[in-house]
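Structure, as C-alpha cells:
Just so you know, all these numbers are worked out from the coordinates, no wet-lab data involved. It should be emphasised that the depicted structure is a prediction, and the values quoted were computed from it without experimental measurement. With ideal geometry, Cβ positions are generated from the backbone for all residues, glycine too; neighbour counts draw on all protein chains shown.
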Amino acid sequence: MQRSRQGVGVAEIKDFLRNSFSLEGLDPELAVGLSRLARPMKIAAGTILFENGDPGNGCYAVLEGSLKVALLSVEGDEQLLAVLGPGDLVGELALLDGRPRSATVSALKEAQLAFIDKAAFQRFADENPAVYRHMLSIVGKRLRHANDVLAARSFLPLPGRVAQTLLQLSETFGKQLDDGRLLIHYKLSQADIANMAGAARENVSRVLNDWKRAGTISRISGYYCIEQIEFLEQASTL
C-alpha cells in the first residue's frame, strides 16, 4: 500500500468542522478557529495515513470516505479496531500526549481529510483552554469504548460481540429509515465483522444467518440493516 501525506482538492472544512459531531458541545467560535488551522488533503483507497510507531504530528478529521484503524502483528496478522467515516476524528491522542501513533490507519475508500498540525493546535488551545477540555472528553469516550470492547471480548458470548460490532458501525454509518429500521450505510463483509468481533468468520456467519432468519437484521442492496435494534442492544449488554 502506498503511503501519502499529499493533499489535493478543496473541502468545506469550516462548515464541516463547525457541524461535526466530533466537535459537538464545543463553542462554535472555537470550532471555526480550529477550522482555520486545518488543511485539506485527499488520499486514495488503500493508502496508509500513518502506522503504529510513527511520530504523532497532528490529527485528522474525516470529511468524506472511510478509514480503518488496525493493529498489525509482526507476522502480518491484522486486528481491525474500528471503521471511521465522515464526522470522525483520528489521531487526536497525538495532540495531547506527545507519544508515537498507537495504531495503523489506512483508507478503505478514497477519503477527503482535514489535517490539524500539532504545534498549531497547541498554540490555539493554549489560548483557548476549553479546546483542551473538549479533546479530553473525546479521548475519554474513546477509552470507555476501548474498555467496553475489551470487556465484551472477555465476557460476552459471540452473538453479543457481533451485536456490539453492528451497533458500533451504526453509530458512524447508520441511516435511519422511515419505518424505524437502521441501515448501516457501508458495505461490510462477514470477514470484516468477524475481525472486529474477534471471532472466526464461519462462526460469525452462523450468527448473522440466524438473525436474518429471525428478522433481527436484513440485507438491503448489500448493506446490513438493523430491524430490531433493541434485541442487539440487549445482546450486547454485559
Exercise. Measuring from label point to label point, each 7 Å out along Cα→Cβ, what is the Glu29 to Glu202 span in nm?
Worked result: 6.3
Problem set entry | segment 157-235: translational diffusion in µm²/s, Stokes-Einstein, Kirkwood Rh over Cα pairs, 10 °C, 1.306 mPa s | 130
Problem set entry | Positive dipole terminus of segment 148-238, leading residue within Asn195, Leu238, Leu169 (C-beta point charges) | Asn195
Problem set entry | Linear extension gain, Asn209 paired with Asp117, 0.36 nm per residue minus alpha-carbon span | 28.6 nm
Problem set entry | Dipole magnitude of segment 70-162 about its Cα centre (Cβ charges: Lys, Arg +1; Asp, Glu -1), debye to nearest 20 | 280
Exercise. With the contact rule set at Cα under 8 Å and sequence spacing of 6 or more, what percent relative contact order holds for segment 157-235?
Worked result: 36
Problem set entry | Projected-area mean, segment 74-115, by convex hull of Cα positions, square nanometres | 4.0
For this session: For the chain, just list the percent of Cα-Cα distances falling in each 5 Å bin from zero outward, please.
Result: 1, 6, 13, 17, 18, 16, 13, 9, 5, 1, 0, 0
Seminar exercise, completed: Taking Rh as the Kirkwood radius computed over alpha-carbon pairs of segment 13-152 and applying Stokes-Einstein at 4 °C with viscosity 1.567 mPa s, one gets a diffusion coefficient in µm² s⁻¹ of 84
Exercise. Which helices pass in the chain if a helix is a full DSSP H run, must span at least 15 angstrom along its long axis by Cα, and must have mean Kyte-Doolittle hydropathy not below -1.0?
Worked result: 129-155, 158-173
For this session: Starting from the Cα of Glu75, step 7 Å along the direction of its Cβ; do the same at Ser218; then give the gap between the two resulting points in nm.
Result: 4.1
